[in-house]
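Reviewing the structure listed below.
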């Protein structure tokens, strides 16, 4: 039986995904809108050897990123040795002075990383982005695979595909490894968060409690979960899906009403683990991205296995010259933006826009990076019954317990618009299952 | 060396009772090269559940929660402090002062500060045109600065910026707030010690000079005080732009950070919608009214 057998169930699978609430929330002009995250039945397939290569490279990268964050909030050797200029650290939005001198349980800052890769037409893989703060998306291929297996068990019996149902196990191991003693909870801002489906699904799959801010409380320098009868039980690990600034009104944004007062104070004392560690956004800034290959050499004394997309920092004069000369061939990214916002292609600008942009670039060179436009390998999607090629990326998930672990699957996102390179779900893209083959 | 006795009292009064009142207090002087604290006593009322911590800038904090209803929250800190004649804090790990070189939301420049800066940036600070730190009575202080290996240029620059800041602001309480930015205060042309300090930080950071905000107390009776420390490469040197002078041994440091926000004396979070009034009363006196040389 061939995999095409599976395609017959496209409508059923999408209907089931909708019924399970596989949705993505978007705030547009202040209004919260939920939309279905369209699922394409044609899987993206990655061969065993190819994935082994990616796995090695991803582990290496995340190890280096973790060392970098530890160093930045500690000894700052990489600044002292002038490998990373300090302005890229201190002026980045991810750097939090409150994290200086704080060591998280077992020294882990990057518990769950979502590393975005693309494959070029020549087959070469490039890292596009490291998402370290609260990377989301693992739940989508998890549930899609589950429903596909039910729709067409034979497809999965007859094709050697790595079973990806272990994500919950990997996540549980990651959370347990740093647990400071007590329950594990997943902290969600609540129902109206863009990724609420994922919060609830991961809680269900890992057996963690799904909580909001008013169900956990700090007392006697410990964190407690208050159950329905009012009984308090100690919490040792919080997989928080709330961004740093809203996590604790006493330590970060004082206006946060979804945070837990003093949670950061007891984290500082080692009485609870926060997953991912606050302040780790210092390493997923688009400006810092440029330096990741250098970090790998600096901390691990290894050559980077996976390459960055060729990137220029207008901050350096030489790079600025190059950028101005090759403006039309490059894509420019605002380092402070995420989710596909603040990305412009040099050749898509009018003359006026270009002039204005170059003015901005010269005034604030640190704010932008420029990259060569990679000619992505198109992958097939099924659009209204027809198979058509579209741009796609891969978000690989790397989890860190006593050692880094790469989930043998991932979130493949594609652009539904044939002319677009931007695959972010917040920009209307869809997703696919990612099959890592066993042979 | 001088021995000072201090009383620090902060009272929060609520028009209606509040409950579940979380707080972080940052009003406890701590030991350093320049000051040694003796017999410090802290009284916080009502009683609370909480703990102590040292924040990322090395400032001492007490935090906790008052669960039950209350209309008043009072903190009393008393003690004695020995302040050294030498006013410098050595910098041991120079590559770590970098964070103090960059603007924060409160020190960010705008057109007014840019204008002030442009008017003074080219001033010739060579010895003939700008006698080195004039009007400083404490000869030891100057000698100490010169004997250290830091950059004299940085100290001259900072001293000059202090003069400029002092002249561009009128001291007037009640006009600016805790969240007034350097730019807003400079535009208003008036403010208090916090505003003087923020503008000075802003000017220094435009030149990439690492500098930090210091909250503390000074001799006399009244409110708490704030000033600026500048890193000359080897040490932190303290300037008081509000009084246009170098900080001497009549000042007690409480906390430091990139700006006033890092040094927030009392941060609170409670249930209830009352009007609230915060009163701070500080008294610093000499214990022995003479200088003792060591």
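The numbers here are math on the coordinates, done by the rules we state, and not lab data. Being a predicted model, the structure only gives us computed values, none of them experimental. A quick note on method: Cβ atoms are made from the backbone with ideal geometry, for glycine too, and the neighbour counts reach across all protein chains shown.
Brief remarks on what is shown
- Debye log10 I(q)/I(0) at q = 0.09, 0.10, 0.11 Å⁻¹ for chain A, Cα point scatterers: -0.59, -0.73, -0.89
- For chain B, the percent of C-alpha pairs falling in each 10 Å distance bin, counted from 0 to the bin holding the largest distance, reads 6, 27, 34, 23, 8, 2, 0.
- Annotation: the antiparallel percentage among DSSP beta bridges lying fully within region A:103-252 is about 65.
- Kirkwood-based shape ratio for region B:89-263, expressed as Rg/Rh from alpha carbons: 0.93
- Mean separation of Cα pairs under 8 Å and 6 or more residues apart, divided by the residue count, gives region A:310-372 a relative contact order of 49 percent.
- Counting only DSSP beta bridges whose two residues both lie in region B:89-263, roughly 90 percent are antiparallel.
- Each of A:295, B:206 has some number of other Cβ atoms within 10 Å of its Cβ, and from fewest to most they run B:206, A:295.
- Computed P(r) (all Cα pairs; the protein assembly as shown; 20 Å bins; percent): 15, 44, 31, 9, 1
- Value of relative contact order over chain A, rounded to a whole percent, pairs C-alpha under 8 Å and six or more apart: 24 percent
- DSSP bridge orientation in chain A - percent antiparallel, rounded to nearest 5: 75 percent
- Taking the helices alone, chain A has a mean residue ellipticity at 222 nm of -8000 deg cm²/dmol, built from -39,500 (n - 2.57) per DSSP H run of at least 4 residues and averaged over all its residues.
- Candidates A:266, A:369, A:72, ranked by Gaussian network fluctuation over chain A, Cα under 10 Å, top entry: A:266
- Spatial separation of Cα centroids for region A:1-50 and region A:188-236, in angstrom: 28 Å
- Top of B:38, B:93, B:207 by mean-square fluctuation, Gaussian network on chain B, Cα under 10 Å: B:93
- Share of pairwise Cα-Cα distances greater than 22 Å in region A:311-439 is 50 percent (whole percent).
- Using alpha carbons only: equivalent-ellipsoid semi-axes of region B:141-243, gyration tensor based, whole Å: 24, 15, 11
- CD proxy at 222 nm, helix term only [per DSSP H run n ≥ 4: -39500 (n - 2.57); per residue of chain B; nearest 500]: -6000 deg cm²/dmol
- For region B:1-57, the alpha carbon convex hull comes to 123 Å³ per residue, rounded to a whole number.
- Two-decimal ratio, region A:118-169, of alpha-carbon radius of gyration to 2.2 N^0.38 Å: 1.50
- Cα point-scatterer Debye curve for region A:310-372, base-10 log of I(q)/I(0) at q = 0.14, 0.20 Å⁻¹: -0.33, -0.69
- Relative to the dominant Cα principal axis of chain B, helix B:152-168 is inclined by about 60°.
- Residues B:275, A:55 in ascending order of nearby Cβ atoms (within 10 Å, fewest first): B:275, A:55.
- Scattering from region A:47-109 was approximated by placing one identical point on each alpha carbon and applying the Debye formula without solvent; log10 I(q)/I(0) at 0.20, 0.23, 0.26 1/Å stands at -0.83, -0.97, -1.13.
- Viscosity 0.692 mPa s, 37 °C: Kirkwood-radius Stokes-Einstein D of region A:174-274 over Cα pairs, µm²/s: 245 µm²/s
- In this simple spin-label approximation, residue A:419 and residue B:13 carry label points 7 Å from Cα along the Cα→Cβ vector, and these lie 6.8 nm apart.
- Computed Rg/Rh of region A:1-76, alpha carbon atoms with Kirkwood Rh: 1.20
- Gaussian network model of chain A, Cα within-10 Å springs - most flexible of A:363, A:64, A:168: A:363
- Fewest-first ranking of B:78, A:184, B:176, using other Cβ atoms within 10 Å as the exposure measure: B:78, B:176, A:184
- Principal-axis tilt of helix B:193-206 within chain B, Cα atoms, nearest 10 degrees: 50 degrees
- Across region A:360-402, the mean sequence separation of Cα contacts (distance under 8 Å, 6 or more residues apart), normalised by length, yields a relative contact order of 24 percent.
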